[in-house]
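Below is one structure, written out as structure tokens; comments come after it.
A short reminder: the numbers here are calculations on the coordinates, not readings from a lab. The structure presented is a predicted model; accordingly, all values stated were derived computationally and were not measured. As a convention, Cβ positions derive from the backbone with ideal geometry for all residues, glycine included, and neighbour counts pool all protein chains shown.
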Amino acid sequence: QVQLVESGGGLVQAGGSLRLSCAASGRTSRPYAMGWFRRAPGKTREFVAAIEWSDGSTYYADSVKGRFTISRDNAKNTVYLQTNSLKPEDTAVYYCAESTYYSLTYYSEQVYNYWGQGTQVTVSS
């Protein structure tokens with residue numbers, strides 16, 4: 001059973017940066033994609049970024065494009081989310097997820113099979 005553990009969240013002032021990590025264990029085969037989602041207080045969970053494992057293609061929500069960068073380290077079975085120029089509206093619990101299925105797109109929660117418990121990111125103004 002795949003287990004995902006996020007880390008790197010914290011409290012940061014607007015304009016600051018955080019690097020989130022998601023370490024995978026128990027994997028018997030490589031995923032098709034890994035992604036980051038977030039849930040802000042009082043809102044539904046939304047897509048943030050995704051990366052295809054085979055070729056490293058990346059995808060971003062419009063709200064974070066140009067500020068966030070998703071990357072992977074195959075040897076460490078780890079995916080990262082570098083968050084720069086953080087805004088108060090970025091405050092949320094950030095979740096990493098893994099998809100074991102091929103899909104044309106990786107924006108939907110329904111595509112992902114495994115989820116971490118989340119790490120809190122709080123951005124103050």
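Things worth noting here:
- Taking trypsin sites (Lys or Arg not before Pro) in DSSP loop conformation with at most 15 other Cβ atoms inside 10 Å as exposed sites, the chain has its longest uninterrupted site-free stretch at 68-125.
- The chain: Rg to Rh, with Rh as the Kirkwood radius over Cα pairs: 0.94
- For a straight C-alpha distance cut-off of 23 angstrom, the lysines reachable from Lys65 (same-chain residues fewer than eight places away being disregarded) are Lys43, Lys87.
- Of Ser103, Ser21, Ser29, the one that fluctuates the most in a GNM where the chain has Cα springs shorter than 10 Å: Ser29
- Annotation: for a label point projected 7 angstrom from Cα along Cα→Cβ of Thr100, residues of segment 34-62 with backbone N closer than 15 Å are 34.
- The calculated FRET efficiency for Asn74 paired with Ser29, based on their beta-carbon distance and R0 = 22 Å, is about 0.95.
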